[in-house]
Amino acid sequence: MVFNILPWGDIIEAMKTTFFMVSVSLFIGTILAVILAFALVLTNDGGLWENRYVFYGLNSVISLIRSLPFIILMTFIFPFTKMIVGTRIGATAALVPLVCFIVPYLARLFENSLLGVDKGIIRAAKAMGANYFQIIWYFILPEAKSSMILSITIGTISLISATAQAGTIGAGGIGDMALTYGYERMDVPVMLATIVILVVIVQSVQTLGNYFAKRARNH
């Protein structure tokens, strides 16, 4: 049977590598993206800390990085990657470009989520005497939470796709395995197996994201 001839040891190892790259880069990227998104919203026109110089500076940098395809970004920051992790090859080295890729991507999505919060809620918070921290923590974040969860879902799926390209620097992963076995070796059973696994992973991520976003809307 085809099921029995598949290299399950390699497939499981590739899945572990993909999970490592996606989870670590998503965790770091989400924290940095939230900070950037709030910086954009708060310093924009009409924001709590309006500052056009900070806003346009951050906005320009985010737009610049987002305009670069991941494979080009990964190659361009090779020296930076080497400086941070000591190598340019492997799954650990791939974390640096993956974080650089996902931070501006998520920051823009989070910015849209935060801008979608009703301004009346912020005015009401100010009227009740809430300080800046209280407005952000108790009013803006709860209202934007559902949309931000969906943004993280989209970002996770984008990272899964990016890990396949990270295979060009020896990062491995399930996407790279599909390319290596399927395209280079023309091993159709392995290619089909990895495609099915990728589809299941992406659909699972989307389903979980939708579930938690719905829960956030109802609380």
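Under a 5 Å amide H cut-off, with hydrogens placed 1.01 Å from N, V117 pairs with nothing among residues at least 5 apart or on other chains.
Its Kirkwood hydrodynamic radius, worked out from the mean inverse distance over all distinct Cα pairs, puts the chain at 19.1 Å. Per-residue ellipticity at 222 nm from helix content only, as computed over the chain with -39500 (n - 2.57) for each DSSP H run of at least four residues, stands at -25000 deg cm²/dmol.
Whole-Hz Karplus values for region 116-128 come out as x, 5, 4, 4, x, 5, 5, 5, 5, 5, 4, 5, 7 Hz, taken residue by residue from phi with 6.51 cos²θ - 1.76 cosθ + 1.60 and θ = phi - 60°; glycine and proline positions read x. Calculated accessible area for region 83-219 comes out at 52 Å² per residue, all protein chains present (probe 1.4 Å; ligands, DNA, RNA ignored). For region 169-207 versus region 24-94, the inter-centroid distance based on Cα atoms is 28 Å. Here's the list of lysines a cross-link from K145 could span, going by alpha-carbon distance under 30 Å and ignoring same-chain residues fewer than 8 apart: K16, K119, K126, K214. GNM, the chain, Cα, under 10 Å: largest mean-square fluctuation among M74, M191, M128? Comparing M74, M191, M128 in a Gaussian network model of the chain, the most mobile one is M128. Within the listed set F76, F20, F101, the Gaussian network model of the chain (springs between alpha-carbon atoms below 10 Å) gives the highest mean-square fluctuation for F76. Equivalent-ellipsoid semi-axes for region 94-171 (Cα gyration tensor, √(5λ), whole Å, largest first): 35, 11, 8. Accessible surface of region 1-133, 1.4 Å probe: 69 percent of it comes from carbon and sulfur atoms. When the chain is treated as a GNM with alpha-carbon contacts under 10 Å, the residue of G172, G116, G209 showing the greatest mean-square fluctuation is G116. The string of couplings for region 151-165 from the Karplus curve (6.51, -1.76, 1.60, θ = phi - 60°) is 5, 5, 4, 4, x, 4, 5, 5, 5, 4, 5, 5, 5, 5, 6 Hz, one whole number per residue in order, with x for Gly and Pro.
Couplings 3J(HN,Hα) of region 28-39, computed from phi: 5, x, 5, 4, 5, 5, 4, 4, 5, 4, 5, 4 Hz, in residue order, whole Hz [Karplus 6.51 cos²θ - 1.76 cosθ + 1.60, θ = phi - 60°; x for Gly and Pro].
The values are calculated or read from the model by the stated rules, or taken from the named source; none is laboratory data. Predicted, not measured: the structure shown is a model, and the values here were computed from it. Calculation scope for accessible area: heavy atoms of the full protein, side chains included, ligands and nucleic acids excluded. Shrake-Rupley method; radii C 1.70, N 1.55, O 1.52, S 1.80 Å.
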